[in-house]
Amino acid sequence: MIDRSQPAIEVYNLHRFFGRVRAVDDISFQVYPGQVFGFIGPNGAGKTTTMRILATLDQPSYGNAYVAGFSVVEDPDQVRLRLGFMPDYFNTYPYVNVVEYLDFYARAYGLRGNQRRRAVEFTMHFTGLEPLADKPTRALSKGMKQRLCLGRAMIHDPLVLVLDEPAAGLDPRARIELRQMIRRLAQRGKAVFISSHILTELAEICDAVGVIEAGKLRAQGPVEHIRRQLARGGATVQVELLDQVEQAVRWLEQHPGVSQVERGQQENMLTFQHEGDASERAELLRQMVQAGLPVVGFSAKGHTLEDLFLALTEGNVQ
Amino acid sequence: MTNPARGPAAPPPAADTSSNQAAEGRWQRWEAALSDRLNPILVKEARQGLKSRLFVFTFFAALLFAWGWSVLGVALLVDPAYEDSRAGLGMFLGYCAILAFPLLVVGPQAAYRSMVNEWEDATYELMSITSLEAGHIVRGKLGSALLQMMLYAAVFLPCIGFTYLLGGVSLLSIAVGLVAIFAGSVFATQLGLCLATMSRNRGGQMLLSVLFLVALLGLYWMVLLFVGVLLLEGGGNAASSPELWYGLFVTLTLLASYGYALYQLTRSRLLFPSENRTTALRLALLVPPALWLAAWLAAMTPGFGPQLGMDDELTLFIFSAFFIHWAAVLLIIGGESGEISQRMRRRVPRSVLGRLFGLWLLPGPRLGYFYVLLSYAGMIFPWLLVLWYTLPSPFSARFRPAEWVRLAGAFWCYLAIYGGIATWLLAWLRRRVVVNMMLAAAVISLQVVVFCIVPLFVEVITASGIPFGQYSPIHLLNPIITIDELMANPAGGPEYWLMVLALPTVVVNVPGAYREMVLLYRTGPAQQPEPEAAAKEQPPEHPFADLAAGTLPSSTAQSSSS
Ligand SMILES: Nc1ncnc2c1ncn2[C@@H]1O[C@H](COP(=O)(O)OP(=O)(O)OP(=O)(O)O)[C@@H](O)[C@H]1O
Ligand SMILES: [Mg+2]
């Protein structure tokens, strides 16, 4: 049975240099079974490099990473048995159909007899590929290819799944289906490590995210936590009043969770920073109206992951 | 294991099951068991290889040719003018020519392509992180080539039987001809797989592919020529002579040993850099020279040798082959990256015996250099000494052990000199660039130019008045000219100078080899003590253990929460 108290993925001070390029520069994080950990970052940030090291396809220049307690440097064989990797490209063999493709990888992972049959059957069922069993793999649509790739990665029922941009190039429906599959995998106790450019994508399925840029983790933690962290840095609410601007300023300055109250460019406009989520803002607005302040307009600039992303990364390219 | 999901698959057959069904069930179970035992790559390659257009086309083309040739043969047979006992021989040679083309040219080239495609389609990476070891992959590819060969054999067997019935060709001749073709095919396939690992860029692959095709066509003609000469000389009846058996046995065992060495080379090039890429390969590389020596010793055996008419020519030939083998090994070792992973270091043998014999097999180009020198010397000189003292006098009058020692010693010196300089240079280069086999080949070629070609030019240009046929010391480092001189002139001379030159090239590599050894035995940063280490070594629970055998959950979402 899966021990959920032990981290499934542990990365400690991971470094990977390509000549002068520090593709991965001191990254540490942990992912527990049942968790989905999102990795977001711009192109060339080092996502793929980190994932390849975890998948034992590359070696760290310094630092170490563990999968289910096994080091990718010292015990790559043990790591491979417990990890499924879905790269950001699709590859297959000519003249091989969907079942044969999965069957080959099941054999390659040492599954025999009924065990193999069940693994292939379950994977086809899980990914919804059953109707396409006899279709040549080269003739699949992008969405179906991604399903097959995911199926291949999970064929040996690994504890850890490393998915490199699985949603790239998928239509909205396929994305939703993929998201559901990933959630179900997490429910089965898998630790899922997923990277993406589609940030809203990650917000909905990830328990935690890491924002990586130029090989460094700029922020990491639960999505909500990062949202709040960002909010502390300055989330702006704009209020338009009919009059009584002075009273409004005084009222707001005494209110907990509000800071940096300032007069706007227009005379009857105020801006301030507010900590808290939408419901707390609604409560604030209700109290302002109750206090007799003539509020005409109230708008808050919501914090999406895109904001977070843009705020944390500076567009550095290496 | 006590896992309920893994229990016996089939329920015990009900009492009233008909015997027919039982037999069918048994057959299916047998088939499943067989398919489980097969190499996964073999299963995959068989599935796609037999469906590939190239195979289908060649197979039917071969069938068509065989059929056409048979019709032609029958037409010739009924022609009374052509009715002589050699009809079978001609038929057989024709079938050989048809059969050899797919086996010696198309098959090996297809194996090469199939390996190269693993990189071009980026399928190799994902395969490499499964439980498949590099050796599985090579063996699987080889196995699928064997499978195709068997299909050809099955088709051509009736034709071959037909030629035998026609007469004019003996069973032995047929067997020798077929063995030559099949052995050649297996070897060429393995060579193709090995070449496919040599270059991972498109240009290099194209070049290798063309060179390989040319080599295969050459092999095709050589094998046909061999079969033709063998049969036509004996008039279709290869005589069962000691020479034939000796030649056949030596050729086949050598071919097998080189095939095995190529297999290990391919495997080592496929292994991850953190794995031990050298030990198995170096062990495999010991086999062919041992066989060369065994062949030589067999030819020296008093009762057997003179019968074969063995002479100094054979000795020179075998010693040269021995030398060339070790020179090639130096090339392979020179191309080693020289990096030793943390993981490797933990598995270094630590017992006294292990250190004594295992050290030379461990990764490290300079240790590899000494591996070559020691293996060469250890293999050949003890035998020479034994022969020196044990050969009966009439025998030793004809064969001169002293000459052999000079010959083997001179070759050893060449290995020491060329190899020593190359090893030293490559170690220097390794600090600056990534060294591979191409670079090692370039360094050795450079030496050949400087030591052999330049002196020839000097001699021609200065026209230094060396009378024709007289040995000049400027060719000391040219093995061909110097060995020729050694063989012709028993008075001696050059070998002492070679020894003088070999000494510094060996000595200069000693510190490097020592450093490599120290590095091997220095383990990395102390491992974190792992209390659960023993428990952890267990393989992961078998896949989808939480699902009941043979059933799929009606909804995966629900099943997963349990
Ligand atoms: N094999 C390599 N040799 C040299 N440089 C490399 C290699 N692989 C990656 N890099 C460099 O490392 C950096 C990180 O690359 P990586 O592929 O990990 O980024 P990424 O976050 O996956 O980007 P993307 O979103 O475009 O996939 C890049 O600057 C890249 O050029
Ligand atoms: Mg990437």
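The condition (being in contact with a helix residue (DSSP H, G or I) (Cβ under 8 Å, 6 or more places away or on another chain) and crowded, with 18+ Cβ neighbours inside 10 Å) is satisfied by just one residue among A:Asp164, A:Asp171: A:Asp164. Note on the stretch A:93-116: among residues that are buried (at least 21 other Cβ atoms within 10 Å of the Cβ) and more than 7 Å from chain B (Cβ to nearest Cβ), the one that is nearest to ligand 1 (Cβ to nearest atom) is A:Tyr101. Listed conditions (1) buried (at least 23 other Cβ atoms within 10 Å of the Cβ); (2) in contact with a Ser or Thr (Cβ under 8 Å, 6 or more places away or on another chain) are all met by A:Gln146, apart from (2). With respect to the stated conditions, A:Thr200 fails to be at pLDDT 90 or above and either assigned by TED's automatic domain parsing to the domain that holds A:Val36 or of a type outside the set (Val, Ile, Thr) (or both). Within the stretch A:52-65, being away from every other protein chain (no Cβ under 12 Å) and within 8 Å of ligand 1 (Cβ to nearest atom) holds for no residue. None of B:Leu151, B:Leu99, B:Leu142, B:Leu178 is part of a helix (DSSP H, G or I) and surrounded by fewer than 17 Cβ atoms within 10 Å (Cβ to Cβ) except B:Leu151.
Of the residues contained in the stretch A:57-67, none is found to be within 16 Å of ligand 2 (Cβ to nearest atom), at positive phi, out of contact with any Pro (no Cβ under 8 Å at 6 or more places or on another chain) and in contact (Cβ under 8 Å) with a residue 24 or more places away in the chain. Only one of the numbered conditions (1) more than 18 Å from A:Gly128 (Cβ to Cβ); (2) among the aliphatic types (A, V, I, L, M); (3) under 14 Å from the mean Cα position of the chain (by Cα) is not met by A:Leu163, and that is (1). Restricting the stretch A:16-48 to residues that are more than 14 Å from chain B (Cβ to nearest Cβ), under 16 Å from the mean Cα position of the chain (by Cα) and within 12 Å of ligand 2 (Cβ to nearest atom) leaves a set whose member that is farthest from B:Ser131 (Cα to Cα) is A:Pro42.
Taking the stretch A:39-66 only, how many residues are small (Gly, Ala, Ser) and touching an Asp or Glu at 6+ places or on another chain (Cβ under 8 Å)? Talk me through it step by step, then tell me what you get.
Step one: filter the stretch A:39-66 for residues small (Gly, Ala, Ser), giving A:41, A:44-46, A:55, A:61, A:63, A:65.
From the residues that got through so far, the ones that are touching an Asp or Glu at 6+ places or on another chain (Cβ under 8 Å) too are A:41, A:45-46, A:63, A:65.
Final tally of qualifying residues: 5.
How about the stretch A:66-90: which of its residues are within 15 Å of ligand 1 (Cβ to nearest atom) and either of a type in the set (Asp, Glu) or touching a His at 6+ places or on another chain (Cβ under 9 Å) (or both)? Passing the criteria: only A:Asp88.
Criterion first (surrounded by fewer than 19 Cβ atoms within 10 Å (Cβ to Cβ) and part of a helix (DSSP H, G or I)) does B:Met206 satisfy it? Break it down stepwise before answering.
On the way: surrounded by fewer than 19 Cβ atoms within 10 Å (Cβ to Cβ): yes; part of a helix (DSSP H, G or I): yes.
Yes: the conditions hold for B:Met206.
Out of all the residues in the stretch B:57-75, is one or more within 14 Å of chain A (Cβ to nearest Cβ) and touching a residue at least 24 places away in the same chain (Cβ under 8 Å)? No, the conditions are met nowhere in the stretch B:57-75. Here the stretch A:1-46 is the region considered, the condition is being assigned to a loop (DSSP other than H, G, I, E, B), surrounded by 21 or more Cβ atoms within 10 Å (Cβ to Cβ) and within 13 Å of ligand 1 (Cβ to nearest atom), and the residue that is modelled with the highest pLDDT is A:Gly46.
The values are calculated or read from the model by the stated rules, or taken from the named source; none is laboratory data. These numbers were taken from a predicted model, which means no experiment stands behind them. Because the Cβ atoms are built from the backbone with ideal geometry, glycine has one as well, and the counts that use them run over all protein chains shown.
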